[in-house]
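This report refers to the structure that appears directly beneath it.
None of the figures in this text is laboratory data; all of them are computed from the coordinates on show. Remember, predicted model here, so these are calculated numbers, not experimental data. Every residue, glycine among them, receives a Cβ derived from its backbone with ideal geometry; neighbour counts consider all protein chains shown.
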Amino acid sequence: MTDTRRQSPSGLRAVTGRIGSIAGHHQSLTILVGLALVGALLPLISAVPPFSGFGTQKDWVGGFADAGVFVLLAVGLNVVVGFAGLLDLGYAAFFAIGAYTYAYGASTFTGLQTPFWIMLVAGAVVAAVFGITLGAPTLRLRGDYLAIVTLGFGEIVPVVALNADTYTRGTNGIVGLAQPNAYGLFGITSFPITNPWPWYITVLGIIAIAFMILYRLEDSRLGRAWVAIREDELAAASMGINTISTKLLAFAIGASTSGLGGVFYAAKLGVVDPTQFHFDVSFTVLAMVVLGGMGNIWGVAVGAFVIFEIQHQGLKQLGAFIQSLNVPVFQVPVLGSVDLGGINFLKFQFLLYGLALVAMMLLRPEGLFPSRQRRHELHEVAEESEEAAEDTSEAVKGA
Amino acid sequence: MTDNAKPPILVAKGVSKHFGGLVAVNSVDFDVPQGKIVSLIGPNGAGKTTFFNIIAGLYEPTHGSVSFTGVEMIARGRRSWAEPLAWVVPPLIIALIGLIVATAASSTALAAVTILVSLILLISAFLLAIARPPFYLRLLTRLGIFRSARPNDMVVAGLGRTFQNIRLFKTMTARDNVMVGMHSRMRSTPVDAVLRSRRHYREEKDADAKARRWLAFVGLAGKENEVARNLAYGDQRRLEIARALASEPKLLLLDEPTAGMNPSETAEMTTLFGRIRTELGLTILLIEHDMRVVMGVSDRVTVLDHGEKIAEGTSQEVRANPRVIEAYLGKAARA
Amino acid sequence: MSRPRPSLGRWRLPVGAVIALVVAFLIILFGTLIGPEGTIQMTLGRGVQLAETQYINALTVGALYALVALGYTMVYGIIELINFAHGDVWMVGSFASWWVITSLGVSGPITDPVWLVIVLILAFSISMVATGVLGVIIERFAYRPLRNAPRLAPLITAIGVSYILENLIENLISDSIVTIPRPIPNTELNLGLFSIGSVNLFVIIMAVALMAALHLFINRTRLGRAMRSTAADRDAAQLMGVNINQTIAVTFFIGSALAGAAGVVQGLYLGYSQFQIGFYGGLRAFTAAVLGGIGNTTGAAIGGFVIGFLEVTCNVFGYGKWSEAFVFATLVLVLVFRPTGILGQQQGDRA
């Protein structure tokens, strides 16, 4: 969990601050440079002492490529939850839809061999289609009714994938998904399973494009309409915003980002099966968004990275770390002898994950890197004069 | 009103609204002549805001209809309960046909194509129900399941409004609030935003300049980058008016715009109303419960009590009307 | 302007309920009679008999869901939080009842009525108090500090608490299905028109009694009044001297205790529990609460029974594994026509 030092709060805030201050067309450049820097520096972690012991550089880079998928999911959900303020608890469904789309488009199951790069677009479009189909009848509902409908949808998609076994091969899942082809670029034809580097670079590229699109949308007429709806839906409608179509657009864009992630994930794994897309994926992504700081694209990306690494590295390494400390077996009055080294921390990973979620929320309810607007919302409730004054001075400075 | 040759901009006929057993508005006939300031007054709970919300497209009236700029915008359809069917039935039929054809199809490819086509049809059906193009609305009206125009439709048609309890977008800056007001008059699409097309740049620049002008017009020059919730109370009221003006309305609905203001602020506000009419040529419909505020500025005053229209006329006529005096003083005497 | 309330005629609800129950029976009967090939597969008498059993099962499952749904709806009503940990509180309740029943040495049906009553009272009271206290603790440490935080923050802690509870039970008690001995002897009681299993009868009566007690508590007591006023307007209630913290804690206690009762019922009726039932069962129960109109206790009860019937209907028609999809489709359909659920208040947003 400490391998995020590259993106320590102060450093990140400087980056976001710069992005905020540089004019519109420099934004994209900042994203490219920022991601290129992060992308170049992250793999170096495998050489830094405590982390070097956790795995080879290849393991690390492969893990980062998976983390990239979750970064993509989180920034997509951020559009729905952070920008438009719609509570979507079934986000994994669109991830699944993207993944199955790839399985249908490029596997031995259907016999089709559509190139990965086309399937990326196709997956995004199909996921958006499903997003609109789900959203159209339900987006008129108030927030929490929407939550249960999306939660239900998130559960139905795996159930359908499980039970419609003629079309999805049920629990076995669809195997033999085609590898992406780089057409000889950098001497790679087919992405190898053993070498994570092409995957890592590809996911960075996808993230960069997604970032640019989302940043531009946020800073536009549509972005303002989303925030207006989040703040006061009724007033937004009374100012001429078609709330249904605006919310639907947020839903579709979120879904398509998730679909992109699904296609990439399916191609990397080479297998899709229903168990990969259960509710914990939706909840995890939501936690990433909330922890990162709703509405802040970079913050959400960092939140996703942190939570992913906690889940996939931190908890695993904790056991090994405690074992390495050689804590002697000690006696506790009621419980008897306690052998910390003997505890299988992997068994308790969800407990620790749950504790981490609760603790992080209690410490920073507004997330690690709240967007400026979210901070205002929070302080509005806190209603403390000094904080209000601080906000004012900030706003003046920003002017 | 016979003193105006132009047709009235807004006509409400026999509008009623029932909430369960409560009759909030009871068959009110009402019109707003073009270019005038018309006031709607009445004691608290007289149904003014409910009536206002019906005009703004927020509530559907139980009976009656509202025409705006000569078009009937708001009326309860004979079968308005069937409106959700318009959402559900076409997509369901499409999905069913798609499923049947797909399962009966001989080859996987054919099945896949059918599923894709039915998905596209499904979405068009939904989009139809959302976007409500004119032909779709005409069809619904003919079937008697037309539901009233939504608030955003009314804004597009040229109606701007403010709220009794200020409803700004609190965490946005004053400038952004006004720019949201311009939403319905802007044309750039999300694609423009992603590609940063020339239209996007031009429109954003225009909107920014216009927003500054509107803020200056209501007296908020220099406060463009203040976050709305940090503005003083009176400034928030002004910002709400600027936001409504930014949607380029023909008729401006102001819901108790001077509530909670002291006499000097109130006087400034009424000056602003006069300027909106003379400099911008807008028609204003003003709601107040305090009679004194409206007397100076209104061309015509309508009085509501217990959801019914009890008087209409010039300030002097209304002030002299015994039913109005009873409604106000009777209330005051009891309170 | 006061909030518009749906004006239900005095008898509309009961009459509607009776009609719905009859229709549900006919549908189940139809499903029982019709075989997979669309042919009638048994005599009418046999069909009615089987359908009766299924019908009673639906009522029992519905009662179970209704009890859990009440907790969701109460918490939502008072602090507008989707309490994701609630399903797991129910799961903990079922494990508590397993612990009580096994440590009393019960391993099967008890024939001695006095001992049976003692066992049941102990199981219910201990489980309900345990889960009630658990609910209060969760509220105190995970939700109360976040009462003024952004709305999604407590939702995330709720998810966190849910993981914690599941993992604790999984690791400390059992990571697989535990069998809960059923103390009530299962006999068919013939009630003239139809016969009903003793367990089913007990479960239904227990659930209805608890719901009636809750109804009386909310509407007739001082604390109930405090709960209602807090739900309507927390700030105003506070100004009127209502102790908000205490009221919310009481709400959590009662909601969680009802989940504890549902946990005991789970053991009595289904005879097993597992650390994961909290999520899936909780999802159903939450769906029930939303279907009925979240925030409305009567609605939660109705929603629970509706979902019980939907599930059983799917089973008799032979589409058991699709019941989740069916429940979900029904939910979406209901919400399209009544955006706030069956009994929810139609929101007239005050401008």
Share, in percent, of DSSP beta bridges within the protein assembly as shown that are antiparallel, nearest 5: 70 percent
Chain B: angle of helix B:233-246 to the longest principal axis, Cα-based, in degrees nearest 10: 50 degrees
Inter-chain Cβ neighbour average for residues A:363-369, partner chain, 10 Å: 3
Where the Cα pairs of the range A:213-305 fall when distances are cut into 10 Å bins, in %: 14, 38, 33, 13, 2
Residue mean of other protein chain beta carbons inside 10 Å, A:219-230: 6
The range A:152-271: mean projected area of Cα convex hull, nm²: 10.4 nm²
Rg/Rg_globular for chain C, with Rg_globular taken as 2.2 N^0.38 Å and Rg from C-alpha atoms: 1.01
Charge-dipole axis of chain B as Lys and Arg at +1 and Asp and Glu at -1 on Cβ define it, positive-most pick from B:44, B:197, B:114: B:114
Chain B, relative contact order [Cα under 8 Å, separation at least 6], %: 24 percent
Under 24 Å from the Cα of residue A:247 - lysines, other chains or at least 8 residues apart: B:170
Loop-located trypsin sites (Lys or Arg not before Pro) in the range B:184-253 whose Cβ has at most 15 other Cβ within 10 Å (DSSP): B:187
Volume in Å³ per residue [convex hull over Cα atoms, computed for chain B]: 179 Å³
Highest-fluctuation residue, C:115, C:99, C:90 considered, GNM on chain C with Cα pairs under 10 Å: C:115
Structure-based [θ]222 nm, chain B - -39500 (n - 2.57) summed over DSSP H runs of at least 4, per residue, nearest 500: -14500 deg cm²/dmol
For the protein assembly as shown, alpha-carbon Rg relative to the globular expectation (2.2 N^0.38 Å, N residues): 0.99
Percentage relative contact order, the range B:80-143, counting C-alpha pairs under 8 Å, at least six apart: 36 percent
Kirkwood Rh in Å, taken over all unlike Cα pairs in the range C:243-351: 15.5 Å
The range B:168-232 pair-distance distribution - Cα-Cα, 5 Å bins, rounded %: 4, 19, 25, 22, 16, 11, 4, 1
Pairwise FRET efficiency - residue B:278 versus residue C:186, Cβ, R0 = 60 Å, nearest 0.05: 0.10
Longest DSSP-loop-exposure-free segment, GluC sites (Glu not before Pro), chain C, at most 16 other Cβ within 10 Å: C:81-351
Where a label projected 7 Å from the Cα of residue B:139 along Cα→Cβ would reach, residues of the range B:113-133 with amide N under 20 Å: B:117-133
